[in-house]
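The values are calculated or read from the model by the stated rules, or taken from the named source; none is laboratory data. Since the structure is predicted, the reported quantities are computational estimates derived from the model, not experimental observations. Backbone-built Cβ (ideal geometry, glycine too); neighbour counts: all protein chains shown. Accessible surface is based on the protein model in full, side chains and every heavy atom, while ligands, DNA and RNA are left aside. Shrake-Rupley method; radii C 1.70, N 1.55, O 1.52, S 1.80 Å.
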Amino acid sequence: MTLEFGVGPFYREEHRAFQASMRRFVEREIMPHVEAWDEAGEFPRDLYRRAAEVGLLGLGFPEEHGGVPGDLFHAIVAAQELARAGAGGLSASLQSHTIGCPPIARLGSADLKARVLGPVLRGEKISALAITEPGGGSDVASLRTTARREGDHYVVNGAKTFITSGMRADFYTVAVRTGGEGMGGVSLLLIERDRPGFTRTLLKKMGWWASDTASLHFDDCHVPVANLIGEENAGFRAIMLNFNGERIGMAASCNGMARAAYEEALAWARERRTFGRALVQHQVIRHKLVDMAMRIGATQAYLEQTAWRVMQGENPIADICMLKNQATQTMAFVASEAVQILGGSGFMRGPKSERIYREVKVNAIGGGAEEIMKELASRHLGW
Amino acid sequence: MKVIVAVKRVVDYNVKIRVKADKTGVELSNVKMSMNPFDEIGVEEAVRLKEAGVASEVVAVSIGPAQAQETIRTALAMGADRGILIKTDEEVQPLAVAKLLKAVVEAEAPQIVILGKQAIDDDSNQTGQMLAALLGWAQGTFASKVALGDGKATVTREVDGGLQTVELKLPAVVTTDLRLNEPRYASLPNIMKAKKKPIDEKTPADLGVDIAPRLKTLKVEEPPKRQAGRKVASVEELVQALKNEAGVI
């Protein structure tokens, strides 16, 4: 099989060992239940604790707060092994702390780190990131949720939407406007779920059903000044930094999803017989499979190359943007072809490919829409 | 009490085995290798003995090429304390493995040696028994339950038609069956810690053991392809086919 992930010069023994553990974790704890969880729109909270035990939640966070040292290739291994279950909503909610917690780990006060990181990395509490607003998504600099200073508190008013783990999270890393217009007036504030004036509404979605995506409402919600993450009005840069890691993780996950769909389609094509032959013996089908494999291979190479550059200390923003698009477009192409190869069965609920097909758009839009990625890439290429 | 577990590097259980074109064996190049699943159960049992305060040290031993070190690392990440790699690129058959393990046991003086009941590559199911015979120790094979008491071990064995419970005087050899336990997966923190645990390297010559094969493989072939089923028109035809063609009634 040409597409084995986790092989090649970028992976060392400890990556392979972690991959073996992750594979077993996913096969034992997730795969048998994933369909039922997706249909139920929820997965057991206990899964966070199990994910903490295997080292998934702590990955990349500082050891003194219960983190586990690991590099980007551990993160790629984790994302791609999780993707084998073919349920992005589960992966996204289970790992919502990978976008909610890095600002706290990087910029938070000692008190904030101790209060949030320990319980989240042990799988006892859930962390979410809240940036997008009903009035505008990708345009972070124009966000309108306000945090007005009153003595030792901020008074927060406004709304957030499309927030992953939005219903169940205990800690929300929320982008608010503490200053004037534009990017220079944005701060990050930690808001706990039980603050008076903070309510949530569940959202119904095309895909990612296992994820409790929600709208958040803040109505004169009082938050102590001690919950400020980093400096006041310096939140924009922290948000942008966060996106780099998120986008590489999304690219890894999308290519993993593409591979899961490809493998399902290939297995189906070998088994299903039409006109006296297995599907895979029809040229039109096996050429489809080659096109799928080719794109997955190319995306994996770009992913590993870009991750390697980041590990060398570079900040290749244009490539990270293009990589994310390459991965979401690969997933879109492969998911569509996989459903086509599965035929009527691909239209039925049950196969991974059907679920993955419904998860194409959330990836092409979330974490930076494809159009925004192209714009950002062209700007960083100096055009 | 010291425990030794033997771990073998074999083709991963998920890999679809292919026979080499020249029929000398199965294809091993570019094939994913892992710890023999029965040995994983052995490591798990040993680590549980340590966690229960019964065992004081768990030593993982592997025999094979340099890459067998990865298999030992897996055992260390699961909780074993240190490793011994007996390095050789030669073919090592069960009798040679038993002799090498005997030499290790004599140097390490454990109270119990745990092995998988068989390795999933050659399915020999011989090493544990041979080792017990060479050492003159008691053996409890196909264990589905192991309880250690004062100077003895009670082992429940999976035998045809039921369970047999035997009491062994320690030191003893135990081989694991599938239902003994469900092995843990190594967590990332433990994978990182395992990098610092020591692995001792030896050769068969260091241990004074002649590992020359005593068995010769003549040829290795694919099992016959399963024939497709066929439909019969009547009960009479079915009975005829079962009687005359299949010979089962």
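Annotations
- Computed from backbone phi with θ = phi - 60° and the Karplus coefficients 6.51, -1.76 and 1.60, the 3J(HN,Hα) list for segment B:137-148 is 9, 6, 9, x, 9, 6, 6, 10, 7, 10, 10, 9 Hz; x is used for glycine and proline.
- Note that chain A presents 42 Å² accessible area per residue, ligands and nucleic acids not counted, probe 1.4 Å.
- Rounded tilt (10° steps) of B:94-108 against the dominant C-alpha axis of chain B: 20 degrees
- Over chain A, DSSP H runs of length four or greater, each weighted -39,500 (n - 2.57), average out per residue to a 222 nm ellipticity of -15500 deg cm²/dmol.
- The phi-based Karplus calculation (6.51 cos²θ - 1.76 cosθ + 1.60; θ = phi - 60°) puts the 3J(HN,Hα) values of segment A:344-356 at x, 5, x, 8, 7, 6, x, x, 4, 4, 4, 5, 5 Hz, whole numbers, x for Gly and Pro.
- At most 13 other Cβ within 10 Å, DSSP loop - trypsin sites (Lys or Arg not before Pro), segment A:264-373: A:Arg349
- Nitroxide proxy distance, nm - points 7 Å out along Cα→Cβ at A:Glu124 and B:Lys32: 3.6 nm
- Karplus (6.51, -1.76, 1.60) ³J(HN,Hα), θ = phi - 60°, over segment B:206-220, in Hz, Gly and Pro reported as x: 4, 8, x, 10, 8, 9, 3, x, 9, 10, 10, 7, 7, 6, 10
- A cut-off under 10 angstrom between Cβ atoms defines the neighbours of B:Ala55, and their net charge, with Lys, Arg +1 and Asp, Glu -1, is -1.
- Modelled spin labels at A:Asp219 and A:Asn244, positioned 7 Å past Cα toward Cβ, are 4.1 nm from each other.
- Spatial extent of chain B: Rg and Dmax, with the Cα atoms as the point set, Å: 21.0, 70
- Within straight-line cross-link reach of B:Lys197, aspartates and glutamates at Cα separation under 13 Å, skipping those fewer than 8 residues along the same chain: B:Glu57, B:Glu70, B:Asp81
- For the peptide A:25-33, the mean number of other protein chain Cβ atoms found within 10 angstrom of a residue's Cβ is 1.
- Beta bridges per DSSP with both ends in chain B, % antiparallel, nearest 5: 40 percent
- Per residue accessible area in Å² of segment B:137-246, where ligands, DNA and RNA are left out and the probe is 1.4 Å: 69 Å²
- Here the label points at B:Lys20 and A:Lys204, each 7 Å from Cα along the C-beta direction, are separated by 6.1 nm in the simple model.
- Residues of segment B:187-208 whose accessible area (probe 1.4 Å, heavy atoms of protein chains only) drops by at least 50 Å² once all protein chains are present, relative to their chain alone: B:Leu188, B:Ile191, B:Met192.
- Among the residues of A:57-68, the average count of other protein chain beta-carbon atoms within 10 Å of the residue beta-carbon is 1.
- Alpha-carbon centroids, segment A:308-351 and segment A:1-65: separation in whole Å: 19 Å
- Each peptide in A:45-51, B:24-30, B:6-12 gets a packing score, the mean of other Cβ atoms within 10 Å over its residues, and the list from highest to lowest is B:6-12, A:45-51, B:24-30.
- Charge dipole (chain A, unit charges on Cβ, about Cα centre) - positive-most of A:Ala258, A:Val120, A:Ala169: A:Ala258
- Size descriptor, Kirkwood hydrodynamic radius, that averages inverse alpha-carbon separations across chain A, Å: 21.4 Å
- Within a Gaussian network of chain B (alpha carbon springs, distance under 10 Å), most fluctuating of B:Val239, B:Val174, B:Val47: B:Val239
- Annotation: extensible slack from A:Ala301 through A:Arg193 equals 34.8 nm (criterion: 0.36 nm per residue apart, minus Cα-Cα distance).
- Overall form of segment A:100-205 per C-alpha gyration tensor (a/c, 1.5; a/b vs b/c): oblate
- At most 13 other Cβ within 10 Å, DSSP loop - trypsin sites (Lys or Arg not before Pro), segment A:109-153: A:Arg144
- Rounded if a/c under 1.5, otherwise prolate or oblate - segment B:121-229, Cα gyration tensor axes: rounded
- Among A:Gly67, A:Gly89, A:Gly151, residue whose mean-square fluctuation peaks in a GNM of chain A (springs only between Cα atoms under 10 Å): A:Gly151
- Largest mean-square fluctuation among A:Ala293, A:Ala110, A:Ala332, in a Gaussian network model of chain A whose springs join Cα atoms under 10 Å apart, belongs to A:Ala110.
- Loop-located GluC sites (Glu not before Pro) in segment A:209-256 whose Cβ has at most 14 other Cβ within 10 Å (DSSP): A:Glu231
- Cα radius of gyration and Dmax for segment A:235-352 (Å): 17.3, 63
- Residues of segment B:175-203 with an amide N closer than 20 Å to a point placed 7 Å from the Cα of B:Tyr13 along the Cα-to-Cβ direction: B:175-187.
- On chain B, 51 percent of the accessible area sits on carbon and sulfur atoms, based on a 1.4 Å probe.
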